[in-house]
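Everything on this sheet refers to the single structure shown next.
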Amino acid sequence: MHGAANVGERGDLAPGHASSLRLVATLALAGFFSGVVLCGVYLASAPRIASNRAAALERAVLEVVPGAVAFSLMVAGADGRLTPADSSERIADVDPQVPEPARVYATRDARGERVGYAIEAQGPGFMDTIRLLYGLDPATGTVIGLRILASRETPGLGDKIMYDPAFVESFRALSVEPEIVAVTRRPRRRSNEVDCIGGATISSRAVVQIVAGSSARWLPLLAGRSRDGTE
Amino acid sequence: MEQSEPGRAWVELRKGLWRDNPVFVAVLGLCPAMAVTNSLANALVMGAATTFVLVGSSVVVSLLRKLIPYEVRTPLFIVVVATFVTSVDLALAALLPVAHRQLGAFIALIVANCLILGRQEAFASKHRVGLATADAIGMGLGFTLALALVGTVRELLGGGTLLGWPVFGPSFEPWVIMLLPPGGFFSLGALLIVSSMIAERRQRRGTHSAQWNAQGDAPGPLDLSPPGSRVGPE
């Protein structure tokens, strides 16, 4: 029985002591076929994945800028001037070559008027980097919408930044100047204040800091632009 | 004593559901059983993805078993498994983007699930494709069942919902800890206790005796012994 068990362990696999050449050739062949299969799957799924990502981006941009129906990607050059990144109004996919802090989404409403900008920003949260998108209206200098794109905050506590009604609501009309501040232990009084969520103070502050830092950087650039009237 | 082929396949399929359940009996694949079971929906998607990888890998390994040199079997198994995992990862991103975002890196980590490599080593590389498929389906379903149970407990207590639907009404205060990592350990520990109590009771009643062969093997974790020693004298 012992001898049989040894054979059994090897089972139907090809006998041992195969030549090195055979081992290398088998592995190379397996790698080759695996590569062929993966190329096929990648080519088949890539268009769907790109369109999913574009659809998710479109939903988010139109959500954070109320009234917007279309948007285009603008890129800030070294001199701070914005140029359209793409001639089309809708972007199939974000160009990964453009670093995030240098790009904004310019939106238009149904009459074709500019209604504000959607801006991506990120920063450290409680657990991991929080990535978010917010709407900025340079004419009034206010944040007009917020959506968390990715976060790994504590479920049930920190992740309330994504759905706590009062917290999300306070980003619908939030003055950027003077600098946005997070307040605790008392209700917000001024238009540049955000109430922290009970039990999620660190995550709330993180979101406020990300939006405050990014909006303070972008507002002068975008406000100057809308005053010039240059498109 | 040799059972008919369909009968044997049925036995191999059924053992994964309960008797040799990969999570409750063999205690394999616990990383996903903890990490993605904070909701029932996540648990079901993870179970389905793992089952697909397990069945696909087992079929390929079983079909190629006579061509695989013994010395390099593990890297070959991993190449096969990794190919299926990457395919599932891309397919989920294309077809179920929301679920894909929720599960994140844990889909790619299926490749490290010892349940899958374990079945290639212990079963698929030693059996005909029919039996290997049956074994993989059974193990995959058993894994999905276990994840779904953990996910049900955690979502019910941690959020008061099931598949996103409120169950306990607005007065229920969620036990947030059940959604956090400790809740995963609590839930799995409790389910392990319950499952081993049931197994012990059944064993005392002797309902299992037919399954265990004349060599006097004690009912134990996932049978990794050579196939000849399991199904009775061949």
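Data for the structure
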read-out	value
Pairs where the first residue, in the range A:24-40, is within 9 Å of chain B (Cβ to nearest Cβ) and in a helix (DSSP H, G or I) and the second is among the hydroxyl-bearing types (Ser, Thr, Tyr) and surrounded by 13 or more Cβ atoms within 10 Å (Cβ to Cβ), C-beta under 6 Å, 6+ apart	A:SER34/B:THR83; A:VAL37/B:THR83; A:LEU38/B:THR86
Residue within the range B:33-49 that is farther than 20 Å from B:ALA148 by Cβ, crowded, with 18+ Cβ neighbours inside 10 Å and more than 12 Å from every other protein chain (Cβ to nearest Cβ) present	no
Flag if A:ARG147 is surrounded by fewer than 21 Cβ atoms within 10 Å (Cβ to Cβ), in contact (Cβ under 8 Å) with a residue 12 or more places away in the chain and of a type in the set (D, E, K, R)	yes
Criterion: modelled with pLDDT of 95 or more and either surrounded by fewer than 20 Cβ atoms within 10 Å (Cβ to Cβ) or within 14 Å of the chain's Cα centre (by Cα) (or both) - qualifying residue of B:ALA82, B:ALA146	B:ALA82
Residue identified as within 14 Å of the chain's Cα centre (by Cα), at pLDDT 85 or above and of a type in the set (Val, Ile, Thr) among A:VAL36, A:VAL41, A:VAL61, A:VAL69	A:VAL61
Residue ID - nearest to the chain's Cα centre (by Cα), chosen from residues in the range B:87-127 that are more than 18 Å from A:VAL41 (Cβ to Cβ) and outside any helix (DSSP H, G or I)	B:ASN113
Output for the range B:32-86, where each listed residue is part of a loop (DSSP other than H, G, I, E, B) and farther than 19 Å from B:GLY118 by Cβ	B:VAL36, B:THR37, B:ASN38, B:SER39, B:LYS66, B:LEU67
Residue within the range B:160-176 that is away from every other protein chain (no Cβ under 14 Å) and assigned to a helix (DSSP H, G or I) present	no
Single match in B:ALA26, B:ALA94 (criterion: of a type in the set (Gly, Ala, Ser) and modelled with pLDDT of 90 or more)	B:ALA94
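The values are calculated or read from the model by the stated rules, or taken from the named source; none is laboratory data. Since we're looking at a predicted model, the values are computed, not measured. Every residue, glycine as well, gets a Cβ built from its backbone with ideal geometry; the counts of neighbours run over all protein chains shown.
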